[in-house]
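Contents: one structure, followed by commentary.
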Amino acid sequence: MGTFTAATAPRVNYINAEYGIKSWLLTKDHKRIALLYLGSISFFFFIGSLYAIAIRLELLTPQADLVQSSTYNKMFTQHGIIMVFFFLIPSIPATLGNFLVPMMIGAKDLAFPRLNLLSWYIYLAGGLITIYALLAGGVDTGWTFYTPYSTTFSNSYVVATGLGIFINGFSSILTGLNFIVTIHTMRAPGMKWFRLPLFIWSHYATSLVMVLGTPVIAITILLLAFERVAHVGIFDPALGGDPVLFQHLFWFYSHPAVYIMVLPSMGVVSEIIANFSRKNIFGYKFVAFSSLAIAVFGFLVWGHHLFVASQSVYAGMIFSFLSFAVAIPSAIKVFNWTATLYRGSISYDTPMLYALGFIGLFTVGGMTGLFLATLAVDVHVSDTYFIVAHFHFIMVGGALFGYLGGLHYWWPKISGRMYPEGWGRFSALVVFVGFNLTFLPQFVLGYLGMPRRYHVYPPEFQVLHVLSTAGASILGVGLLIPLFYLIWTLRYGPIAAANPWHLPGLEWRTSSPPPTENFETTPIVTWEAYEFAPIEEMKVIGKFRPEVDSVS
Amino acid sequence: MQSWIPFLPESASTLSGRVDALYFYLSGVTVFFTLLISGVLIFFVIKYRRRTPFEIPRPIAGSHKLETLWSIIPFLIAMSFFVWGTRVYFAQYRMPADGIEVYVVGKQWMWKFQHSTGQREINELHVPVGRKVKLIMATEDVIHDLFIPAFRIKADVVPGKYSTQWFEATQTGRYHLFCAEFCGMNHSGMVGTVVVMEPTDFDNWLSGNANQQSASSAGQQLFQSMGCASCHGANAEGGRGPALQGVFNGQTQLNNGQVIKADENYIRESITNPQGKIVSGFGPIMPSFQGQLTEEQLMQLTSYVKSLGSNQATGPATAPAPAATPRR
């Protein structure tokens, strides 16, 4: 990194424009709201991780030693609920998306700044109610809330937790709505649809799923609460209902929700792969439209969660076919990312390491998804650790890796400070190794027949569980390192240039951190996405100072 | 007995080899492509690493030919998974015509089994090697799932209906039996053992436990004690209610003109929710027995009705089996 000259006078930016707690809690600036989200989802990620640690420790031995079964059941339930609804679903859209969607299209803010702030308060309300439910006694149904256990048999705080998730859903809907309207109406002059960065395309696709899918989970939770509180017969056969109906409704949202988690991450990876190999993305339109294809097909595959749930074999056949169909657009993305690297100028900076890690892990996650779409194999591995391993490859290897890569990539823009590159690379490596050691053994465990959600298990499975727990401790350390150094950079990190990576995207054509209105003048876009300009031109457009901002 | 880290569970049924073959095919194809993609990725990352700070590589827009190629090839490979997987799935879930029947009741947190000859067991299931075994399963409370890894079979047991699965063991031995659907506090304690025995040993085991009443004769007693006989006739020959002799597995005409197959699920539903499907020519006079009979008693009654014979010439034992999963 070279030396850095201190700015002569502190420039006004979105962080120092106003001071005081009120200026944050009542802000309508999408960048400040993104930071509010960043703080709150980090908090929930931390809580969810504590549960993960406790689960992995308990599973070190086949017997029950740390906690009782009822406690263990609450731990995996709450781990799932917090990670899925309060970390993974909002993670990239609400933080990076919130920060970058307006900046990347050359807008001053989102279309509805007040709704944006409201969505954070709704998220907070949902989160606090859920935390209350956990403190009051917790919930033990599994994050899937299967009936009739959740409606008739469980003695835990099902309705309170459901209320938290129900409320939280509205923040998702508002964010999605805001993005759709913003992308349609607020693009800068010259920012045509096919000049949009792929991050925007993937957020557009994600927003469609958020707006169309989330109401279904809201209705489902409402019906569940009706049955539990008022004994209205919907799901319990003793009351005239059908328990499998709940599974259809639940997965009609919760399968597309997987795409809410992973599509934004794919957008981040598209940005990083193109920009850190300094090339336009290979097959731009195919990558863009594959996001939309995933969003649409994602609504048609929920039945693959019910292959062993006594649905008709013919229904199983159709859902199997559709599940294979949804794999193709994901495969197209992986091939195009790989092809983008061909004859590129590839740097090994931390964001790129995370993006490359994403491609590898997402490939494994996707490939093992093919096992689950294959009916006969799914019958054997369904509800085993094979499933646990598969979806952690998608959610951690996919969504979390994209999130961490994106956080490092845009950290200079967000905070105005550089993160320590050496520590960044080191932690990316530790996270990658720890992750694989945690979840690869679980594929083997699953095929051997170890069911998920088991507190005690037959002793022959112990070796693989020990490996998994060892990996989890490495993963945990790997995740703590960025937590420390990112906070450290806020005060001590080197001042970041406007465009430290020398990239053409609009978000890099304004200062770091950006002013409240993002751009001093409305930009006019005359270039295609990922169109790299020679260094002389960069000096003009990015306020690039080669003598100060050296390149790694 | 087992290697330090086994990669495959024991294979002990006629289906397990078929599932494993498919699993090997999937593993081979996916490992190959995963290594290929990561190999190319790593190769590119090393070969095209940044050499000078501000170099700008020549842009490459893309290639329709390549896009088509790498859409169609994965699709065709996926279709081979689809076709093969579906064939084995149908074999897993379509009930064979012949074979011995075992009634299974799951309840928090135990598995109860009753053989058609009357023997009952809890968390242990004795079966003979080389014979098809059909499991007719119900639950007293929440959803459970009977999973036998060594046989590669698994099926949810859903409240309010019967679900079915079958296996034919190929090796004697003791195998794990798990509940695979989260069912509450002691979910991980809802486990048991399948004991596969030589047929002669199995016969000995059966006769050693023969003092128990058979399911159908227990059902016959219930038929009398619950007052079914007052409408259906002392020998189920019919009266104010329809005759039950020879009903099982036949076509039954309902009063709305619909013709349905009188399988186990229909018999069960006719006891718990008699108003749902009324036989043509009869009035809606039967009260519901929902909540008055345990799942075991329902199974005994079902077994009794089945013992009254089928109205198909071929008899129940060889009646063509429909798709396994009961549909409404």
**Study point:** Segment B:R174-B:I285, extension gain: residue separation times 0.36 nm, minus the distance between their alpha carbons
**Key:** 35.1 nm
Check your understanding: Between the helical axis of B:16-47 and the dominant principal axis of chain B, each derived from Cα atoms, what acute angle in degrees is found, rounded to the nearest 10?
Key -> 20 degrees
Study note, to complete from the structure: GNM of chain B, Cα pairs under 10 angstrom: of B:P57, B:P74, B:P287, the biggest fluctuation goes to B:P57
Review point. If a helix is a whole DSSP H run, which ones in chain A reach 27 Å or further along their own axis (Cα) and hold a mean Kyte-Doolittle hydropathy of at least -0.5?
Key: A:30-58, A:113-136, A:158-185, A:198-230, A:243-276, A:313-341, A:350-373, A:421-448, A:462-492
Review point. Averaged across the residues of A:354-366, what count of C-beta atoms belonging to other chains lies within 10 Å of each residue's C-beta?
Key: 2
Exercise for review: Sum up the charges of everything whose Cβ sits under 15 Å from the Cβ of A:W193, counting Lys and Arg as +1 and Asp and Glu as -1, but leave A:W193 out.
Suggested key: +3
Exercise for review: Find how many whole Å separate the alpha carbon centroid of the stretch A:82-97 from the alpha carbon centroid of the stretch A:455-505.
Suggested key: 17 Å
Revision key, fill the gap. The summed charge of the A:F246 Cβ neighbourhood (under 14 Å; Lys/Arg +1, Asp/Glu -1) stands at -4
Review point. Which far-off residues, 5 or more places away or on another chain, put their amide H under 5 Å from the one on A:G142, with H placed in the peptide plane?
Key: A:T77
Review point. How are the Cα pair distances of chain A distributed, in percent, across 10 Å bins from 0?
Key: 4, 18, 29, 28, 14, 6, 1, 0
Check your understanding: If you add up the charges near A:Y385, with Lys and Arg at +1 and Asp and Glu at -1, over every other residue whose beta carbon is less than 13 angstrom from its beta carbon, what do you get?
Key -> +2
Point to revise | Backbone N within the stretch B:107-142 under 18 Å of label point (7 Å from B:Q213 Cα along the Cβ vector) | key: B:113-121
Check your understanding: When a footprinting reagent is the concern and you count Cβ atoms within 10 Å, what order do B:T164, B:T193 take, fewest first?
Key -> B:T193, B:T164
Review point. Which residues' amide hydrogens lie under 5 Å from the amide hydrogen of A:G283, considering only partners 5 or more residues apart or on another chain, with H built in the peptide plane?
Key: B:G62, B:S63
Review point. What residue among B:G246, B:G192, B:G227 shows peak mean-square fluctuation when chain B is described by a Gaussian network model with Cα springs under 10 Å?
Key: B:G227
Exercise for review: Quote the relative contact order of chain B in percent (integer), defining contacts as alpha-carbon pairs under 8 Å separated by 6+ residues.
Suggested key: 17 percent
Review point. For A:151-158, what's the mean count of beta carbons from other chains sitting within 10 Å of each residue's beta carbon?
Key: 2
Study note, to complete from the structure: Helix B:199-208 sits off the longest principal axis of the Cα atoms of chain B, rounded to the nearest 10 on a 0 to 90 degree scale, by 40 degrees
Practice item. Mind putting a number on the dipole of the protein assembly as shown about its Cα centre? Charges go on the C-beta only, +1 for Lys and Arg and -1 for Asp and Glu, and I need it in Debye to the nearest 20. Key: 2300 debye
Revision key, fill the gap. Ranked on Cβ counts within 10 Å of their own Cβ, fewest leading, B:D201, A:D29 go B:D201, A:D29
**Study point:** Two-site label geometry, A:K285 and B:E140: point separation in nm, points 7 Å out along Cα→Cβ
**Key:** 6.4 nm
Point to revise | A:E520-A:L490 FRET efficiency (beta carbon distance; Förster radius 35 Å; 0.05 resolution) | key: 0.90
Practice item. For the stretch B:1-152, build the charge dipole from Cβ charges (+1 Lys, Arg; -1 Asp, Glu) around the Cα centre, then report which of B:V31, B:G62, B:V105 sits farthest towards its positive end. Key: B:G62
Check your understanding: Once you sort the root eigenvalues of the Cα gyration tensor of the stretch B:215-318 as a ≥ b ≥ c, which label holds: rounded (a/c under 1.5), prolate (a/b larger than b/c) or oblate (the other case)?
Key -> rounded
Review point. Mind checking which of B:L298, B:L146, B:L26 has the largest fluctuation in a GNM of chain B, springs on alpha carbons under 10 Å?
Key: B:L26
Point to revise | Contact order relative to length of chain A, as percent, for alpha carbon pairs under 8 angstrom and 6 or more apart | key: 18 percent
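None of the figures in this text is laboratory data; all of them are computed from the coordinates on show. Keep in mind that this is a model prediction, so the values were computed, not measured. Ideal geometry is used to build each Cβ from the backbone, glycine not excepted, and the neighbour counts take in all protein chains shown.
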